[in-house]
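The values are calculated or read from the model by the stated rules, or taken from the named source; none is laboratory data. Treat the numbers as computed from the prediction; the structure is a model and nothing was measured. For neighbour counting, all protein chains shown are included, and Cβ atoms are generated from backbone atoms with ideal geometry for every residue, glycine included.
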Amino acid sequence: MSSLRAEIVPVTPFQQNCTLLFDDTTKIGVVIDPGGDVSEIEAAIANAGLTIEKIVLTHGHIDHAGGAMDLKDKLGVEIVGPHEDDALLLGGLEAQAQMFGLPPGSVRNVTSDRWLQEGETLEMAGVTFDIYHCPGHSPGSVVFVNTAIKFAIVGDVLFNGSIGRTDLPGGDHAALISSIKSKLLPLGDDIGFLCGHGPGSTFGAERRSNPFLV
């Protein structure tokens, strides 16, 4: 039985699900999508007694990546992901912050230490995940799936009862629907997922009842 555990730390006014994914035995893990409120993320790491090995990004929007550089400085670890097609978004986070009226200097542009490609794998908390490039919400969105333990991290590609926005720069509704239907749903109805906002679900539940997919 897997000792993989996930703890959600809601961050920023967007209530983004920053996720601490870790092995409950070794207490080694990763931080996925540190969008902001870095002090709260640090406190959650300390409270759980974790050793963080890397920061992982599903995509380049401010609510998912806005705290990545500050957290990298605090933890001394690398930033991994997303797909290189989100390089423009990550390099424009300071401009995104201005658009949302955030104080100057509160958000820093992000430089990824390693871009991810579909077909590669990424080890997180001792578990190997397959990487799927799922553009549509953003050009470089990636999804992490382990079919053996029936678990996925999907960022803002898919939600419980909804899908990611496609009205932001780089969004493409048709591409997003294609990403979900051609890459994720065929992996199995019984795969549960955590998403970037709100409660998780399963691929099967969304295939059957998500109004954007039926």
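Structural remarks
- Just so you know, in the range 163-186 the residues that are touching a helix residue (DSSP H, G or I) at 6+ places or on another chain (Cβ under 9 Å) and crowded, with 16+ Cβ neighbours inside 10 Å include one that is modelled with the lowest pLDDT, and it is G170.
- Among the conditions (1) crowded, with 17+ Cβ neighbours inside 10 Å; (2) at pLDDT below 95; (3) more than 19 Å from C18 (Cα to Cα); (4) not hydroxyl-bearing (S, T, Y), P135 misses just one, which is (2).
- Of everything in the range 24-38 that is in contact with a Phe, Trp or Tyr (Cβ under 9 Å, 6 or more places away or on another chain) and surrounded by fewer than 24 Cβ atoms within 10 Å (Cβ to Cβ), the residue that is farthest from A65 (Cα to Cα) is I28.
- Beta carbons closer than 7 Å, at least 6 apart along the sequence or on distinct chains, pair a first residue in the range 167-184 that is without any contact (Cβ under 8 Å) to a residue 60 or more places away in the chain and acidic (D, E) with a second that is surrounded by 13 or more Cβ atoms within 10 Å (Cβ to Cβ) and part of a loop (DSSP other than H, G, I, E, B) for D172/P135; D172/G136; D172/T166.
- For G164, the test of being under 18 Å from F14 (Cβ atoms) and not charged (D, E, K, R) is passed.
- Out of G164, G192, sole residue that is in contact with a Ser or Thr (Cβ under 8 Å, 6 or more places away or on another chain) and over 25 Å from L90 (Cα atoms): G192
- Test: residue in the range 101-112 that is part of a loop (DSSP other than H, G, I, E, B), touching a residue at least 24 places away in the same chain (Cβ under 8 Å), surrounded by 18 or more Cβ atoms within 10 Å (Cβ to Cβ) and touching a strand residue (DSSP E or B) at 6+ places or on another chain (Cβ under 7 Å): yes
- Filtered residues of the range 187-214 (kept if touching a residue at least 60 places away in the same chain (Cβ under 8 Å) and surrounded by 16 or more Cβ atoms within 10 Å (Cβ to Cβ)): L194, C195, G196, H197
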